[in-house]
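Taking it in order: structure first as structure tokens, then the write-up.
Just so it is clear, none of the values below were taken in a lab; they were calculated from the coordinates. Only a predicted model underlies this, so the values are computations on that prediction, with no experimental measurement involved. Cβ sites come from the backbone with ideal geometry, for glycine too, and all protein chains shown count toward neighbours.
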Amino acid sequence: MKKSDFNYHLPPELIAQKPLAQRSASRLLQLNKQTGELSDGQFSQFIDLLQPDDLLVFNDTKVIPARLFASKTSGGKVEILIERIEDPHQALAHVRASKTPKTDALLQLENGVFCRVLGREEDLFRLRFETELTLLEVLASIGHMPLPPYIDRADDISDLDRYQTVFAKQAGAVAAPTAGLHFDEYTLKLLEQKGIQSSFVTLHVGSGTFQPVRVEELTQHVMHKEYFDVSAACVEAVRQTKARGGRVVAIGTTAVRALESASANGELQAGCGDTQLFITPGYTFKTVDAMLTNFHLPESTLLMLISAFAGYDSVMKAYQHAIEQRYRFFSYGDAMAII
């Protein structure tokens, strides 16, 4: 398939710019994976699609306030987006400036802390933060939540809470696992009362998730790297679920990528590391049986992933339906259950 096969026209006003007042108040489009049948509903009905034998797998990554503003010694303004923390004082980052900073250049942050450019690694800069504070402490003090590029506003205090899942634990993501944003503590309690089990994986979502596919031939696309961790406890939970005839329901495409990356040899195995798994139509899923996801950008790798899972024609039909029914799209938007 070609990149252009995954294009669709989205009216700009359907891009959600802010979250709803309540996490669980979003709409839910249900897509039957076998029949292609669509059903409109509310996210509160998601629990009705589940059985006690099912297992929900969440991504417990935690978004860091990864956007920093700095200035060069010459006075020029610089915007830094941390992509990956390598140690307490060093990171790989995107750097935007009117003129690309050179190796050994010093950048001064808003709180007077300096970071030094150590060099380049492809599109990223390696930076060292010259302070006794750890980088996470610096980010907690002056960092901004890294809202996606299609949200046309500056971050505000509410995003610290709402661009983060209620179960976030492992710091390292620079984008939220957005399907998880719909869950509040009340919904999690209802799931527990129904006897539906949960498990967690970690996949630190990188800014590459927003990068467009730049080649028409999908076989030529180089997928960005993201760190994942699948525990032995999660592997055992999946094994028990399959043994009792239940379904593994991935909450978000990031949970899908973590589980399928750990299933590369045909069977889910505990492990961690970087994944560049690029899932396109024709891929054979090894672990995931159903998923909850948000609506994704045209021509994006995530739209390709769900098309591989539910069928290209069914997904494109579902997206057209969602546009006609005025669903809210992308990170702060509505959800789709593929069951």
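List of remarks:
- Candidates Ala175, Tyr163, Ser74 compared by Cα position along the dipole of the chain: farthest toward the positive end lies Ser74, with charges placed on Cβ.
- Taking packing as the residue-averaged number of other Cβ atoms within 10 angstrom, the listed peptides 28-34, 142-148 run from highest to lowest as 142-148, 28-34.
- Cβ-based net charge around Asp53, under 9 Å, with every Lys or Arg adding one and every Asp or Glu removing one: +1
- The residues neighbouring Arg239, those whose beta-carbon lies less than 14 Å from its own, together hold a net charge of 0 under the Lys/Arg +1, Asp/Glu -1 convention.
- Global geometry of region 256-339, whether rounded, prolate or oblate, following the gyration tensor of its Cα atoms and the 1.5 cut on a/c: prolate
- When both bridge partners sit in the chain, DSSP labels roughly 70% of those beta bridges antiparallel.
- The mean sequence separation of alpha-carbon pairs under 8 Å and at least six residues apart, normalised by the residue count of the chain, gives a relative contact order of 25 percent.
- The Cα atoms of region 67-142 give a gyration tensor whose axes a ≥ b ≥ c have a/c of 1.5 or more with a/b no greater than b/c, which makes the shape oblate.
- Rg(Cα)/(2.2 N^0.38 Å) for region 89-200, N = residue count: 1.37
- Out-of-range pairs (alpha-carbon distance over 29 Å; input Lys194/Lys286; Lys99/Lys169; Lys72/Lys169; Lys18/Lys286): Lys99/Lys169; Lys72/Lys169; Lys18/Lys286
- Val213, Val117 arranged by Cβ crowding within 10 Å, fewest neighbours leading: Val117, Val213
- Distance from the Cα centroid of region 86-142 to that of region 293-321 is 36 Å (rounded to whole angstrom).
- √(5λ) per eigenvalue of the Cα gyration tensor, the chain, largest first, Å: 34, 22, 20
- By definition, a body whose alpha carbon gyration tensor gives a ≥ b ≥ c is oblate when a/c is 1.5 or more and a/b is not larger than b/c, and region 193-339 fits this oblate description.
- Near-label residues of region 72-112 by backbone N, under 13 Å of a point 7 Å along Cα→Cβ of Glu137: 88-89
- Counting every other Cβ atom within 10 Å of each residue's Cβ, Thr301, Thr131, Thr61, Thr253 order from fewest to most as Thr131, Thr301, Thr253, Thr61.
- Summing charges over all other residues whose Cβ lies under 14 Å from the Cβ of Phe125, with Lys and Arg as +1 and Asp and Glu as -1, gives +2.
- Simple Cβ-charge dipole of the chain, Lys/Arg +1 and Asp/Glu -1, about Cα centre, in debye nearest 20: 280
- Between the alpha-carbon centres of region 146-224 and region 1-66 there is a gap of 12 Å.
- For Cys115, Cys272, order by how many other beta-carbon atoms lie within 10 Å, fewest first: Cys272, Cys115
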